[in-house]
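Colleague: Pasting a structure below so you can have a look.
The values are calculated or read from the model by the stated rules, or taken from the named source; none is laboratory data. Here the structure is a predicted model, which means the values were calculated and not measured. No Cβ is skipped: glycine too gets one built from the backbone with ideal geometry, and neighbour counts run over all protein chains shown.
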Amino acid sequence: MNKFRWSMFGLIVAAAAISVIITINQNSKNYEETQEDTSPVLETMDEEVDFETTDEEYTEEPALENEEVLYKLGLGPASKREDVMKTMHSMTHQKVVSEEKWYNLEMNSENINALYNFIDDSEIIDYKSELLKIVGNWKEGNFDNIVEEHNFLWGEQNGNVGKATGVLTPDKKLNLSRRTFNKQ
């Protein structure tokens, strides 16, 4: 009977591992499909055309850099308000005390600026002004309302464990950076 239990346990673990691998594979395919080149095809002309660009007009490199940052934050062209709020919520974990923290994203100026620009440029995100106000505060280095901001984001995601109860002190932040989170 004991061998049967271990066999069943092994089968369940194997099935779970396979489903995780399949899910990751499907998500990567979906992401790749959204990243396909959708730029219009230009027809060629018989004449030679000389295009001049100035340094001010060339913005491809910063755009690509911003895309990389957004990818690390879990955001892309198909992201909606829920995705943005999850990212913002994860960033607040470096600043607040709460019972449980499941995700952690670094709250640095590069991530904050990319997030702000993403929200500002988006045409489909609702609560846009509220989210821009929160991230705008972060851009200015203002974390006075970080507990309330965390709890707003947490509540919008129907949080039931991990409500913020205070602001982390610098020594707690250092320990937090060395800690592993429950889910990443």
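Colleague: Just checking, how many residues over segment 129-184 are at pLDDT 85 or above and part of a helix (DSSP H, G or I)?
Modeller: 22
Colleague: Would you mind stating whether LYS101 is among the basic types (Lys, Arg), surrounded by 14 or more Cβ atoms within 10 Å (Cβ to Cβ) and closer than 27 Å to PRO170 by Cα? Quick ask: steps written out before the conclusion?
Modeller: On the way: among the basic types (Lys, Arg): yes; surrounded by 14 or more Cβ atoms within 10 Å (Cβ to Cβ): yes; closer than 27 Å to PRO170 by Cα: yes.
Against the criterion (among the basic types (Lys, Arg), surrounded by 14 or more Cβ atoms within 10 Å (Cβ to Cβ) and closer than 27 Å to PRO170 by Cα), LYS101 qualifies.
Colleague: If you go through segment 106-141 one residue at a time, how many are within 18 Å of GLY76 (Cα to Cα) and among the basic types (Lys, Arg)?
Modeller: 1
One line per residue, one yes/no per condition, for (1) modelled with pLDDT under 75; (2) surrounded by 12 or more Cβ atoms within 10 Å (Cβ to Cβ); (3) touching a Ser or Thr at 6+ places or on another chain (Cβ under 8 Å); (4) assigned to a loop (DSSP other than H, G, I, E, B):
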position	(1), (2), (3), (4)
ALA15	no, no, no, no
THR38	yes, no, no, yes
GLU47	yes, no, no, yes
GLU61	yes, no, no, no
LEU64	yes, no, no, no
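Colleague: Check off (1) closer than 19 Å to GLU149 by Cβ; (2) at pLDDT 85 or above for ASP121 and give me the number that stays unchecked.
Modeller: So ASP121 meets the others, but not (1).
Colleague: Looking at this structure, is LEU70 closer than 29 Å to LYS29 by Cβ, aliphatic (A, V, I, L, M), part of a helix (DSSP H, G or I) and at pLDDT below 90? Don't jump to the end; show me each part of the working.
Modeller: Details: closer than 29 Å to LYS29 by Cβ: yes; aliphatic (A, V, I, L, M): yes; part of a helix (DSSP H, G or I): yes; at pLDDT below 90: yes.
Criteria met by LEU70.
Colleague: Among (1) among the polar types (S, T, N, Q); (2) surrounded by fewer than 17 Cβ atoms within 10 Å (Cβ to Cβ); (3) at pLDDT 80 or above; (4) part of a loop (DSSP other than H, G, I, E, B), which single condition is THR54 missing?
Modeller: Of the numbered conditions (1) among the polar types (S, T, N, Q); (2) surrounded by fewer than 17 Cβ atoms within 10 Å (Cβ to Cβ); (3) at pLDDT 80 or above; (4) part of a loop (DSSP other than H, G, I, E, B), the odd one out for THR54 is (3).
Colleague: Considering only residues of segment 104-122 that are in contact with a helix residue (DSSP H, G or I) (Cβ under 8 Å, 6 or more places away or on another chain) and closer than 15 Å to ASN142 by Cα, which is surrounded by the most Cβ atoms within 10 Å (Cβ to Cβ)?
Modeller: ILE112
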